[in-house]
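Coordinate-derived values only; no laboratory data. Model, not experiment: these values are computed from the prediction. Every residue, glycine as well, gets a Cβ built from its backbone with ideal geometry; the counts of neighbours run over all protein chains shown.
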Amino acid sequence: MDFSYTPQEDAFRATLREWLEKNSAEAFGSKGQGLGGSTASLLDVRDDERWAQLLDYHRRLYRAGYVALHWPKQYGGAGATLVEQSIYQDEVLRLGLPLYGANQLALDRIGPTIWLMGTEAQKKRHLPKMLTGEEIWCQGYSEPNAGSDLAGLQTRAVVEGDSFVVNGQKVWTSLAHRADWQVLLVRTDPQAPKHKGISYLLVDMKTPGMTIRPLVQITGDAGFNEVFYDNVRVPKENLVGEINRGWEVSIATLMYERLSGGTRHPVERTINELIELVKVTSFEGMPAHQHAYVRQKIAQFAAEARCLRLSRYRSLTSQLRGKVPGPESSFGKLFATELNLRVAMFADELLGAYGNIDEGLAAVEGGSWTHRMLAARGLTIAAGSSEIQHNIIGERVLKLPKG
Ligand SMILES: Cc1cc2nc3c(=O)[nH]c(=O)nc-3n(C[C@H](O)[C@H](O)[C@H](O)COP(=O)(O)OP(=O)(O)OC[C@H]3O[C@@H](n4cnc5c(N)ncnc54)[C@H](O)[C@@H]3O)c2cc1C
């Protein structure tokens with residue numbers, strides 16, 4: 001692995017760093033921090049004011065040409081090199097900012113799926129507004145009885161004239177209450193084997209017959225939703241790929257989702273914040289930063305975070321040598337979200353009873369550690385639970401027999 005950067009790459013980093021520091025501070029306030037705490041999850045956007053700040057930040061990213069460095073120029077992206085993309089990730093995560101402004105799902109997975117498998121008309125209609133943030137996207141995959149076993153989904157669509165008519169229910173749809181468009185997986189052939197009767201639709205969230213009910217999470221935020229479909233008519237031209245072959249399209253989306261999954265958690269920043277916390281906290285009657293147990297824990301977390309970063313660089317090196325990213329991206333997602341959870345749980349242990357107070361004078365740092373601890377578990381479930389990632393690594397990377 002080559003750790004050196006060219007003078008052009010160093011200059012790119014310096015310009016980007018200066019831009020991010022200035023613009024995130026202007027968009028989000030003096031701390032310059034992207035969202036509540038440093039989980040950088042869109043589910044943490046607690047209120048309309050915070051959402052407006054995020055949209056403002058998104059528009060700034062767009063105007064500066066940073067919003068989609070990884071998209072090809074022909075689709076409105078920056079066509080940046082893999083090294084520039086990696087530098088962008090380093091810098092954004094250092095500040096705890098969201099990687100893709102307000103439109104994470106559009107920019108990291110849905111847009112790329114449309115370049116790969118959409119029609120020319122779909123590319124022309126949707127890609128530009130994803131970039132500007134004029135149209136926010138959400139992902140309607142999971143159902144009450146279809147999460148890990150996604151292919152078991154039951155939301156039904158039948159063809160009537162020039163439309164699909166959709167009936168059923170999705171759940172855990174992040175951002176559905178703020179989104180303008182959705183990618184939706186529906187069953188179009190109930191007689192076919194389960195992976196073969198699914199189709200992939202693009203749905204306008206304002207279509208009559210859709211009801212969106214926010215779900216309140218353990219954090220108290222309402223970032224995801226139940227979505228009900230009652231005779232929702234979706235034009236046939238909104239089908240991506242072929243009818244009944246939507247599973248292949250959905251896999252492309254999941255692949256892009258997992259690729260970004262490990263890189264969007266700013267674990268190193270959270271560990272740095274933990275180091276600041278132990279400097280002002282006591283543990284077992286002594287300053288926490290002098291306690292051997294605390295010091296060992298932090299050293300362990302820091303070493304693991306460094307391994308995570310190095311493993312990202314290793315994957316980058318292999319891509320620079322022309323290899324395609326494989327199921328190893330499951331490792332990044334699994335390791336980053338589990339480490340993030342352990343760091344948050346350790347902060348909770350350190351704070352003792354204060355870890356349970358999330359507002360008022362007794363709340364430590366405005367309750368941000370409490371919020372982080374409560375949110376961290378969800379990140380190990382979203383985009384495929386840790387158990388599912390273990391299965392993928394076991395079967396596809398280590399070639400173990402199927403369980
Ligand atoms: C924060 C968050 C955001 C989300 N956002 C979205 C979204 O925007 N759109 C969307 O469609 N969905 C979203 N989801 C849903 C998410 O994809 C599902 O929660 C996830 O796939 C797990 O499905 P499930 O909840 O139905 O659990 P289940 O699949 O019922 O799993 C229950 C438990 O069983 C384990 N398990 C299941 N199968 C296996 C197996 N084969 N081997 C070993 N263990 C297994 C699981 O790991 C889990 O611990 C979100 C979830 C969270 C937490």
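When the charge dipole of the chain is built from unit charges on Cβ atoms (+1 for Lys and Arg, -1 for Asp and Glu) and taken about the Cα centre, the candidate among 70, 52, 130 whose Cα reaches farthest toward its positive end is 70. Using the Cβ-Cβ distance between residue 56 and residue 303 with R0 set to 25 Å, the FRET efficiency from 1/(1 + (r/R0)^6) comes to roughly 0.10.
The DSSP beta bridges internal to the chain are antiparallel in roughly 85% of cases.
3J(HN,Hα) couplings calculated from phi for the range 117-122 with the Karplus curve 6.51 cos²θ - 1.76 cosθ + 1.60 (θ = phi - 60°) are, in sequence order, 10, x, 7, 4, 4, 5 Hz; Gly and Pro show x.
This model, with +1 at the C-beta of Lys and Arg and -1 at the C-beta of Asp and Glu, gives the chain a dipole about its Cα centre of some 940 debye.
Taking a 28 Å limit on the Cα-Cα distance, which of the listed pairs 194/402; 196/399; 73/170 fall beyond it? Provide the component values of the computation, followed by the final result.
Numbers: 194/402 19 Å; 196/399 25 Å; 73/170 34 Å.
Violating the 28 Å Cα-Cα cut-off are 73/170.
Subtracting the Cα-Cα distance of residue 120 and residue 282 from their residue separation scaled by 0.36 nm leaves 52.3 nm. Only one residue of 389, 346, 375 has its Cα farthest out toward the positive end of the dipole of the chain, where Lys and Arg carry +1 and Asp and Glu -1 on Cβ, and that residue is 389.
Cα extents for the chain along the principal axes, largest to smallest and rounded to whole angstrom: 73, 49, 49. In order along the range 302-309, the phi-based Karplus estimate (6.51 cos²θ - 1.76 cosθ + 1.60, θ = phi - 60°) of 3J(HN,Hα) comes to 5, 5, 5, 5, 5, 4, 4, 5 Hz; Gly and Pro are listed as x.
Treating r as the C-beta distance of residue 311 and residue 248 and R0 as 35 Å, the FRET efficiency rounds to 0.80. The stretch between residue 319 and residue 230 holds 27.6 nm of extra length on full extension. This uses 0.36 nm per residue minus the Cα-Cα distance. Close amide H pairs (under 5 Å, H built 1.01 Å from N) link residue 142 with 171, residues at least 5 positions away or on another chain. Count the net charge of all other residues whose Cβ sits under 10 Å from the Cβ of residue 291, scoring Lys and Arg as +1 and Asp and Glu as -1. Summing Lys and Arg as +1 and Asp and Glu as -1 gives +1. Net charge dipole, the range 265-397: roughly 760 debye, given to the nearest 20, about the Cα centre with Cβ charges of +1 for Lys and Arg and -1 for Asp and Glu. Considering only alpha-carbon pairs that sit under 8 angstrom and 6 or more positions apart, the relative contact order computed for the chain is 14 percent. Packing order of peptides 183-191, 123-131, 366-374, highest average first: 366-374, 183-191, 123-131 (average count of other Cβ atoms within 10 Å over each peptide's residues).
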